[in-house]
Amino acid sequence: MAADIGLENLKTECIAALRNGDEDAFEAAAVKLQEYVPDGLHFKMETLGLLTCLALKQNCRRSALKALNLLSVCSLDIAAGDAEAESIFLQNLRFAAVMAARTHDKDIFAAAVSKLAVRYATTGYVKENAEAFVNLLTALMFIAADRRYTNVLPMLRWLSLRLCKNEAVGEDLLLPFLREWACLAAQAARRGWQDVTAQLLNGLFYLLLKQNSFALTRSMLLYVMMHMQMYAAWDGAEKAFTIYTPVQKFSLLLFDRSVKLKDEKQRVEAVRLLLRAWRDFIAAAARQTMQDEMELYQSWFAFGEAAESEKYKKRCRLFIQLTLGYWAAQQPRTSKKQLKYLKNIFEPDLVKDKYLRLLEAVR
């Protein structure tokens, strides 16, 4: 359907103002366009998205921000269940965010993300556009990580957490998104960006804890630890322990939660997953770096002992002792000769009572 002639004229007026660098004239014309009474919501949103991009290219930041704000205002007129209009809004918000990143405008990129956060906080529209929203979130997270926009990552993490409450987002849609998230963390780790890596991994693991799905947690933990293993092959296990610190913290939290499960089968299955994942990581890293497992276990132990919190040290020691116990039970020939060099890790021995019974059940 052709746009109203009045809207076309206002669009032309806005473009002309930008070309002349007249931001006052642009603002006046853009407000008229947004407030134009006849139907034309789709045209308005598409136009305001275009104008945001043009203003950024022209280095008219005030105009870009105005157009972005008006795009957000237009979204308030979208009727509930109007998937097409929502799709147009998401698409044009994405255009604006991508252009802000290309023009190195961190503030306007952050503004675009905040508009999305406000929209998502007040409506349930994602039920009709779940896949489009997840794709948008993936693109925004990539930009934020790649540009090191660390102040934007918490907003994106919050938006991601909202997906957990969305019945339209199943694990078939969530898993690919989380894998992309983990890949971004791996890329940041490879670049040595510990701050970005920590934010991404902490956000990812927090979402998994909230989602509370064993299948999803298992898949993502093993996927992240595969990246950690690759990093260890490149830069050594010691550096891997450091830059992937959130993996250990998540494992300890998951272990504490698993031990408290009332269902014995679930408890054993969850703890076995953790011990097997860490045993396999140590074994693979040892092969790749041409070291004995005992050297990697000593490095892991030293990393835990370097923590300031005595409580955290004790939790690390217990977890490592349990992993060693699992290793000894599963690979007795490999571990027998090496365990005698790891006696310091068992001083004191914390695997007693319920933990000893749990280890016996896991074996």
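The values are calculated or read from the model by the stated rules, or taken from the named source; none is laboratory data. The shown structure was predicted, so the numbers you read here are calculated from the model rather than taken from an experiment. Glycine also receives a Cβ, built like all others from the backbone with ideal geometry; neighbour counts cover every protein chain displayed. Areas reflect the complete protein model, heavy atoms only, side chains present, ligands, DNA and RNA absent. Shrake-Rupley method; radii C 1.70, N 1.55, O 1.52, S 1.80 Å.
Run the numbers for ASP77 and ASN344: contour at 0.36 nm per residue of separation, minus the present Cα-Cα distance, in nm.
This chain segment gains 89.4 nm when fully extended.
From the phi angles alone, apply the Karplus equation (6.51, -1.76, 1.60; θ = phi - 60°) to region 338-354 and give each ³J(HN,Hα) in whole Hz, x where the residue is Gly or Pro.
8, 4, 5, 8, 10, 4, 4, 5, 9, 10, x, 7, 9, 7, 9, 6, 5
Taking only DSSP H segments of four or more residues, each worth -39500 (n - 2.57), what value at 222 nm results for the chain once the sum is divided by all its residues, to the nearest 500 deg cm²/dmol?
-26000 deg cm²/dmol, from helical runs alone.
Along Cα→Cβ, 7 Å out, is where each label goes; now give me the distance between the ones at GLN211 and LEU41 in nm to one decimal.
My value for the distance between the label points is 3.2 nm.
Please give the length that would be gained between GLU305 and ASP353 if that part of the chain were fully extended, namely 0.36 nm times their separation in residues minus their C-alpha to C-alpha distance (nm, one decimal). Spell out each step's value before the answer.
Working: separation 48, 0.36 × 48 = 17.28 nm, distance 2.35 nm.
Between GLU305 and ASP353, full extension yields an extra 14.9 nm.
Tell me which trypsin sites (Lys or Arg not before Pro) from region 122-229 have a DSSP coil assignment and no more than 16 other beta carbons within 10 Å of their own.
Sites meeting the loop and neighbour criteria: ARG147, ARG148, LYS165, ARG191.
Using θ = phi - 60° and the Karplus relation 6.51 cos²θ - 1.76 cosθ + 1.60, list the HN-Hα couplings for region 204-219 in order, rounded to whole Hz, with x at every Gly or Pro.
Each residue of region 204-219 in turn: 4, 5, 5, 5, 5, 5, 5, 5, 6, 10, 4, 4, 5, 5, 4, 4 Hz.
Any chance you could run the full-extension gain for TRP234 through HIS104? It's 0.36 nm times the residue separation minus the Cα-Cα distance, nm to one decimal.
43.7 nm
Add +1 for every Lys or Arg and -1 for every Asp or Glu among the other residues with Cβ under 9 Å from the Cβ of TRP327, and state the total.
Values: positive: ARG279; negative: GLU293.
Summing Lys and Arg as +1 and Asp and Glu as -1 gives 0.
Per residue, how much accessible surface does the chain expose to a 1.4 Å probe? Answer in Å², no decimals.
48 Å²
Rg and Dmax of the chain over Cα atoms: what are they, in angstrom?
So, for the chain, Rg and Dmax equal 26.0, 85 Å respectively.
Once you sort the root eigenvalues of the Cα gyration tensor of region 86-187 as a ≥ b ≥ c, which label holds: rounded (a/c under 1.5), prolate (a/b larger than b/c) or oblate (the other case)?
Verdict is oblate for region 86-187.
What do you get for Rg/Rh over region 222-288 if you use C-alpha atoms and the Kirkwood form of Rh?
Details: Rg = 13.0 Å, Rh = 12.5 Å.
Rg/Rh: 1.04.
Given an 8 Å cut-off on Cα distances and at least 6 residues of separation, report the relative contact order of the chain as a percent. It would help to have the intermediate numbers written out before the result.
Values: 379 pairs, mean separation 32.8, N = 363.
That works out to 9 percent.
Put a dot 7 Å past each Cα toward the Cβ at ARG61 and GLU360; how far apart are the dots in nm?
6.8 nm
Using only alpha carbons, build the gyration tensor for region 75-115 and give me the equivalent ellipsoid semi-axes, biggest first, whole Å.
Taking √(5λ) for each Cα gyration eigenvalue gives 24, 10, 5 Å.
For the peptides 283-289, 237-243, 273-279, 45-51, what is the packing order when you average, over each peptide's residues, the other Cβ atoms within 10 Å and list the highest mean first?
Top to bottom by mean Cβ count within 10 Å: 45-51, 273-279, 237-243, 283-289.
Under 23 Å Cα to Cα from LYS115, which lysines show up? Leave out anything in the same chain fewer than 8 places away.
Those lysines meeting the cut-off are LYS11, LYS32, LYS44, LYS57, LYS66, LYS106, LYS127, LYS165.
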